[in-house]
1. With a 1.4 Å probe and all protein chains kept in place, how much accessible area does LEU64 have, in Å² rounded to the nearest 10?
2. Label the range 3-139 by shape, choosing from rounded, prolate and oblate, from the square roots a ≥ b ≥ c of the eigenvalues of the Cα gyration tensor; if a/c is under 1.5 it is rounded, and otherwise prolate applies when a/b is larger than b/c, oblate when it is not.
3. How much length is gained if the chain between HIS151 and GLN33 is pulled fully straight, taking 0.36 nm per residue apart and subtracting their Cα-Cα distance, in nm to one decimal?
4. Taking a probe of 1.4 angstrom, what is the accessible area of MET149 in Å², to the nearest 10?
5. Carbon-plus-sulfur fraction of the accessible area of the range 1-153, 1.4 Å probe, in percent?
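The values are calculated or read from the model by the stated rules, or taken from the named source; none is laboratory data. Given the structure is predicted, the values throughout are model-derived calculations rather than measurements. When the accessible area is computed, the model is the full protein with side chains, heavy atoms only, and any ligands, DNA or RNA have been set aside. Shrake-Rupley method; radii C 1.70, N 1.55, O 1.52, S 1.80 Å.
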Amino acid sequence: MTSEHSTSSTVKQRVIFLILDGVELLDLAGPAQVFSIAASLGAPYSLHFCANTSGVRSAQGLFLGQLEPLPPVSAYDVVMVAGVALDRLNQPLLDADTRCWLINAHTNGTCIASICTGAAVLGEAGLLDGRRCTTHWFVMEDLQQRYPMAHVVDSVLYVSDKLGTACASRTRHYYQCGHCLWN
């Protein structure tokens, strides 16, 4: 499902939402709304809701269908990785194809941002090694233990580096999206 908000000939930056099974709806909906509103006000964004399957079930039980396949990405794209349910963190979060897609996005210079427990997704893909990151306070210690090469930062709204951003909690994603909009 794609959201095109402008009829101008301006090239639009793709904001690609990686949606995994067990996605937290607020972690998806908040950033999607921020970018959607920005696009409706004239910002050159097109929103894409993508997964390695055509549908996933959210942590809240809502089925999300007709998702786009994972597209080739470039340095001009933004990838948003929404958090997943806490009970999913004790099992693999990524299949091999999605892991390769995320690694390829990073290699291509794509800005990658995670919301809340989405940081664990980046960790599983090996994208937090040697990088500063943050996550929800409830899983901060777990993230550091699972990915000891990551530099997990406590008590911050979000962390930004060459990879992109990592957001600490669900309500703080508005600050993080603002950072993405203005940078």
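1. 30 Å²
2. Judged from the Cα gyration tensor, the range 3-139 comes out prolate (a/c at least 1.5, a/b above b/c).
3. The span from HIS151 to GLN33 would gain 39.5 nm if fully extended.
4. Approximately 120 Å² for this residue.
5. Roughly 57 percent, rounded to a whole number.
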